[in-house]
Amino acid sequence: MRLPQPRQAQTFELHGLNGISDQTLETHFKLYEGYVQATNTLREQLFAIVQDENVKKGEMPIYSELTRRLGFEYNGVVLHEYYFGNLKREANKQPEPHGPFAQIAEQSFGSFDIWKTDFSSVGMMRGVGWAICYLDLAREVVSNHWINLHEDGHIAGFVPLLVMDVWEHAYLLDYKPSERSDYIDAFFSHVDWKAVEKRMDVGVPSL
Ligand SMILES: [Fe+2]
């Protein structure tokens, strides 16, 4: 018996951005494909252990380590898909003034500009990880969070709306490590706000 359907890497029509070079994007796509591959391998290895319907005592250390690594690699896949998916070449610097994202940012932070200051500041935090703006569906507010590496800091059940990679590989070919704010400016000049707003259009999950 084989684990059904390994995950396929997506392709993204993303090039010609200002401030995030094609070379950076190509390198980044390859890195993303590596996460897809590693995730598929881990799932196969885990499946090989459980397919006899028994995790033997001697298998538990390797099973545990593979499962921990799955959280890292799998989030590495999904977060990159969100990230590439919320960028586009021809973009507006801000969402529609009275559109759903501008409204919820204002409800949650008082104004879009304060929301943006908070999100950018999360992105400026020292360390390797991600800045993510999440929608809390139950309360209809957004909040911004720092994710360590790929897997530490997510809020269960919240919906990722805007995802920004601040690992150094996301900008180091174009900027010095101390110039992360310039990368964040470039990121904001290419946010696909329509894609962000589409992510808001999800039903309340039944618990
Ligand atoms: Fe990345």
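The values are calculated or read from the model by the stated rules, or taken from the named source; none is laboratory data. Here the structure is a predicted model, which means the values were calculated and not measured. Cβ placement follows ideal geometry from the backbone for every residue including glycine, while neighbour counts extend to all protein chains displayed. Heads up: the accessible areas ignore ligands, DNA and RNA and are worked out on the full protein's heavy atoms, side chains in. Shrake-Rupley method; radii C 1.70, N 1.55, O 1.52, S 1.80 Å.
Is there any pair with a first residue in the range 75-93 that is open to solvent by less than 20 Å² (accessible area, probe 1.4 Å) and a second that is of a type in the set (Ser, Thr, Tyr) and within 16 Å of the ligand (Cβ to nearest atom) whose Cβ atoms are under 6 Å apart and which are 6 or more apart or on different chains, and what are they?
Once the first residue is open to solvent by less than 20 Å² (accessible area, probe 1.4 Å) and sits in the range 75-93, its partners that are of a type in the set (Ser, Thr, Tyr) and within 16 Å of the ligand (Cβ to nearest atom) give Gly76/Tyr35; Val77/Tyr35; Val77/Thr39; His80/Tyr32.
Would you check which residues across the range 17-26 are exposed (fewer than 15 other Cβ atoms within 10 Å of the Cβ) and either among the acidic types (Asp, Glu) or within 11 Å of the ligand (Cβ to nearest atom) (or both) and list them? Lay out the reasoning, then the answer.
Of all residues in the range 17-26, those exposed (fewer than 15 other Cβ atoms within 10 Å of the Cβ) come to 18, 22-23, 26.
Passing the criteria: Asp22, Glu26.
Consider Leu173 carefully, then state whether it is touching a helix residue (DSSP H, G or I) at 6+ places or on another chain (Cβ under 6 Å), within 26 Å of Thr24 (Cα to Cα), outside any strand (DSSP E or B) and in contact (Cβ under 8 Å) with a residue 60 or more places away in the chain. Lay out the reasoning, then the answer.
On the way: touching a helix residue (DSSP H, G or I) at 6+ places or on another chain (Cβ under 6 Å): yes; within 26 Å of Thr24 (Cα to Cα): yes; outside any strand (DSSP E or B): yes; in contact (Cβ under 8 Å) with a residue 60 or more places away in the chain: yes.
Against the criterion (touching a helix residue (DSSP H, G or I) at 6+ places or on another chain (Cβ under 6 Å), within 26 Å of Thr24 (Cα to Cα), outside any strand (DSSP E or B) and in contact (Cβ under 8 Å) with a residue 60 or more places away in the chain), Leu173 qualifies.
Just give me the residues in the range 134-154 being of a type in the set (Ser, Thr, Tyr) and modelled with pLDDT under 95, in sequence order. Outline the logic, then answer.
At the first step, the residues of the range 134-154 found to be of a type in the set (Ser, Thr, Tyr) are 134, 143.
Within the range 134-154, none qualify.
Taking the condition assigned to a helix (DSSP H, G or I) and open to solvent by 10 Å² or more (accessible area, probe 1.4 Å), does Asp182 pass? It would help to see each step written out before you state the result.
Details: assigned to a helix (DSSP H, G or I): yes; open to solvent by 10 Å² or more (accessible area, probe 1.4 Å): yes.
Yes; evaluated as a whole, the condition is true for this residue.
Filter the range 126-140 down to the residues that are more than 21 Å from Ser108 (Cα to Cα) and touching a residue at least 24 places away in the same chain (Cβ under 8 Å), then identify the one that is surrounded by the fewest Cβ atoms within 10 Å (Cβ to Cβ). Reasoning before the result, please.
The initial filter retains those residues of the range 126-140 that are more than 21 Å from Ser108 (Cα to Cα), namely 126-129.
In the following step, the residues that additionally are touching a residue at least 24 places away in the same chain (Cβ under 8 Å) were identified as 128-129.
Working: Val128: 13, Gly129: 23.
Taking the candidates together, the pick is Val128.
Would the range 38-61 turn up any residue that is of a type in the set (A, V, I, L, M, F, W, C) and within 30 Å of Ser189 (Cβ to Cβ)?
Let us first name the residues in the range 38-61 that are of a type in the set (A, V, I, L, M, F, W, C), namely 38, 42, 46-50, 55, 60.
Still in the running and within 30 Å of Ser189 (Cβ to Cβ): none.
No - not one qualifying residue is present in the range 38-61.
Determine which member of the set Gln103, Gln45 is touching a helix residue (DSSP H, G or I) at 6+ places or on another chain (Cβ under 7 Å) and open to solvent by 50 Å² or more (accessible area, probe 1.4 Å). Break it down stepwise before answering.
On the way: Gln103 fails: touching a helix residue (DSSP H, G or I) at 6+ places or on another chain (Cβ under 7 Å).
Gln45 is the lone residue from the list that is touching a helix residue (DSSP H, G or I) at 6+ places or on another chain (Cβ under 7 Å) and open to solvent by 50 Å² or more (accessible area, probe 1.4 Å).
Tell me, which residue of the range 48-65 that is assigned to a helix (DSSP H, G or I), of a type outside the set (A, V, I, L, M, F, W, C) and in contact with a helix residue (DSSP H, G or I) (Cβ under 9 Å, 6 or more places away or on another chain) is least open to solvent (accessible area, probe 1.4 Å)?
The first filter runs over the range 48-65 and keeps only residues assigned to a helix (DSSP H, G or I), leaving 48-50, 57-65.
Cutting the leftovers down to of a type outside the set (A, V, I, L, M, F, W, C) gives us 57-59, 61, 63-65.
Those left that are additionally in contact with a helix residue (DSSP H, G or I) (Cβ under 9 Å, 6 or more places away or on another chain): 59, 63.
Details: Glu59: 46, Tyr63: 68 Å².
Selected residue: Glu59.
Which residues, taken from the range 106-125, are in contact (Cβ under 8 Å) with a residue 40 or more places away in the chain and open to solvent by less than 10 Å² (accessible area, probe 1.4 Å)?
Residues satisfying the conditions are Phe119, Gly123.
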